[in-house]
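The values are calculated or read from the model by the stated rules, or taken from the named source; none is laboratory data. Fair warning: this is a prediction, and the values are worked out from it, not measured in the lab. Cβ atoms come from the backbone with ideal geometry, glycine included; neighbour counts cover every protein chain shown.
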Protein chains: 2
Amino acid sequence: MLHIPALEKLVHELSRLPGIGPKTAQRLAYFILKSKESYSTQLSEAIQRVQTEVHTCTECFNYTDRVVCKYCEDNYRTDDLLCVVEEPSDIERIESSGAFRGRYHALHGAISPLEGITAKDLKIPELMTKIDEGVKGLRPQVKEIIFAFDADLEGDTTALYLTKVLQGKSLKISRIAHGIPMGSDIDFIDDRTMGRALENRVQL
Amino acid sequence: MLHIPALEKLVHELSRLPGIGPKTAQRLAYFILKSKESYSTQLSEAIQRVQTEVHTCTECFNYTDRVVCKYCEDNYRTDDLLCVVEEPSDIERIESSGAFRGRYHALHGAISPLEGITAKDLKIPELMTKIDEGVKGLRPQVKEIIFAFDADLEGDTTALYLTKVLQGKSLKISRIAHGIPMGSDIDFIDDRTMGRALENRVQL
């Protein structure tokens, strides 16, 4: 459509980004073209640099540019409490609430039979090893696990699967609560959230 | 916030793109990080390539990877009809309507006293030279000029300015019509558009 191969290629690559349609990709490409050369150099270098420098933490699979991430390095955290998340970005979300001081484990996805993603495609074997090694005394033992998964089908499936395979390991297992978000109006809550909020009501 | 300089840098560079806020930039950065290395290589190369290969046409200032763009090269176009646009991307928009077979001239912006953009910052001197050279017989003479500017303050200012400076050059000057968009419902048209549509009504 644009008759310039280099420009068409850039539009194509940009439109592969999530939430960027062909029209937005075109607008971004024209912006990059119009901007000073220093910007496109900085942007392309930043993309390359993130792939070279950033990798997953050997302990919890969070993203880091060191060997272990800052949460695994932190000696003031509780070793026996483990929060399992889908994506490394979820860790930042939990951290900024300030309500958790244990360790993390990122699965890098959730079980999805529809997309063909099974336990083996995720960091689930690594999670099992971590727990087993704790039992054997090779590392600090995990006593409680909290699942902080998305409130969708994949999150539910993963929680169900992990609860099953972790049975008999004498762990306290829980999942973060689903209910009315803070500050929201009861009127605008959907049926499923309201159902969960009633089901999981808290004794006062 | 992310505690990884390389990742923070990428989020910063992405959030400079138009319409990309810090939250979206973060999502895109995590996507790039999670994607295979081949994607980030292709994306960063496409960004670099567009800056190296694509430049402005020496005739009309449209973007091209050759010396002159495909519209300036085309011998079947009318030389005496010139369409002046703000951005090169506007040319594609006009072309795809199939309603114009003359030549183009991209100003690369519009006059904006608020942003300090004057005629000299745009390709207006080049437009004047083009017209004057036509009068002197150094190149095909332009007889009619159409302004295809945005329907905003900057577009109005640019059209007004150009109409003034082009006076006395015996040119037919017009601006593309403003009115009700095709297929739209009269009920949803704003007051200013309706005002213009009534003012510029067409005799049947």
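Worth pointing out:
- In region B:181-195, residue nearest to the chain's Cα centre (by Cα) [restricted to those that are assigned to a loop (DSSP other than H, G, I, E, B) and of a type in the set (D, E, K, R)]: B:Asp190
- Subset of region A:182-204 [closer than 29 Å to A:Leu114 by Cα and of a type outside the set (Lys, Arg)]: A:Ile189, A:Asp190, A:Asp191, A:Thr193, A:Met194, A:Gly195, A:Ala197, A:Glu199, A:Asn200
- A:Ile47 vs. criteria within 7 Å of chain B (Cβ to nearest Cβ), closer than 30 Å to B:Val67 by Cα and buried (at least 19 other Cβ atoms within 10 Å of the Cβ): no
- Residue ID - farthest from the other protein chains (Cβ to nearest Cβ), chosen from residues in region B:69-79 that are over 22 Å from A:Phe31 (Cβ atoms) and surrounded by 15 or more Cβ atoms within 10 Å (Cβ to Cβ): B:Cys72
- Against the numbered list (1) of a type in the set (Ser, Thr, Tyr); (2) touching a strand residue (DSSP E or B) at 6+ places or on another chain (Cβ under 9 Å); (3) surrounded by 13 or more Cβ atoms within 10 Å (Cβ to Cβ), A:Tyr161 comes up short only at (2).
- Filtering region A:87-117 to residues that are farther than 20 Å from B:His3 by Cβ and of a type in the set (D, E, K, R) leaves only A:Glu115.
- Within region B:86-106, the residues that satisfy the criterion of being aliphatic (A, V, I, L, M) and more than 13 Å from every other protein chain (Cβ to nearest Cβ) are B:Ile94, B:Ala99.
- Failed condition for A:Ser15, given (1) more than 7 Å from every other protein chain (Cβ to nearest Cβ); (2) over 27 Å from the mean Cα position of the chain (by Cα): (2)
- Applying a threshold of 8 Å to beta carbon distances and a minimum spacing of six or more residues, or different chains, the list of pairs starting in region A:190-204 at a residue that is under 17 Å from A:Ile176 (Cβ atoms) and in the same structural domain as A:Leu153 (by TED's automatic domain parsing) and ending at one that is modelled with pLDDT of 85 or more and outside any helix (DSSP H, G or I) is empty.
- All positions within region B:83-121 that are in contact with a Gly (Cβ under 8 Å, 6 or more places away or on another chain) and either farther than 23 Å from B:Pro140 by Cβ or surrounded by fewer than 21 Cβ atoms within 10 Å (Cβ to Cβ) (or both): B:Glu86, B:Glu87, B:Ala110, B:Ile117, B:Asp121
- Per the listing A:Ala106, A:Ala119, A:Ala148, the residue uniquely closer than 25 Å to A:Asp74 by Cβ, out of contact with any Ser or Thr (no Cβ under 8 Å at 6 or more places or on another chain) and either basic (Lys, Arg) or at pLDDT 90 or above (or both) is A:Ala148.
- Residue within region A:109-129 that is in contact with a helix residue (DSSP H, G or I) (Cβ under 8 Å, 6 or more places away or on another chain), within 9 Å of chain B (Cβ to nearest Cβ) and in a helix (DSSP H, G or I) present: no
- Cβ-Cβ under 7 Å pairs, at least 6 apart or on other chains, region B:76-91 side closer than 11 Å to B:Phe149 by Cβ, far side hydroxyl-bearing (Ser, Thr, Tyr): B:Cys83/B:Tyr104; B:Val85/B:Tyr104
- Meets criteria (without any contact (Cβ under 8 Å) to a residue 60 or more places away in the chain, over 20 Å from B:Phe147 (Cβ atoms) and either outside the structural domain of B:Asp132 (by TED's automatic domain parsing) or surrounded by 14 or more Cβ atoms within 10 Å (Cβ to Cβ) (or both)) for B:Pro18: yes
- Residue list for region A:147-180, filter: in a loop (DSSP other than H, G, I, E, B), among the β-branched types (Val, Ile, Thr) and touching a helix residue (DSSP H, G or I) at 6+ places or on another chain (Cβ under 8 Å): A:Ile180
- Scope region B:25-38; condition at the interface with chain A (Cβ under 7 Å from one of its Cβ atoms) and either within 30 Å of B:Asp79 (Cα to Cα) or not hydrophobic (A, V, I, L, M, F, W, C) (or both); matching residues: B:Arg27, B:Tyr30, B:Glu37
- Residues considered: A:Thr64, A:Thr52. Of these, the only one that is at negative phi, β-branched (Val, Ile, Thr) and crowded, with 18+ Cβ neighbours inside 10 Å is A:Thr64.
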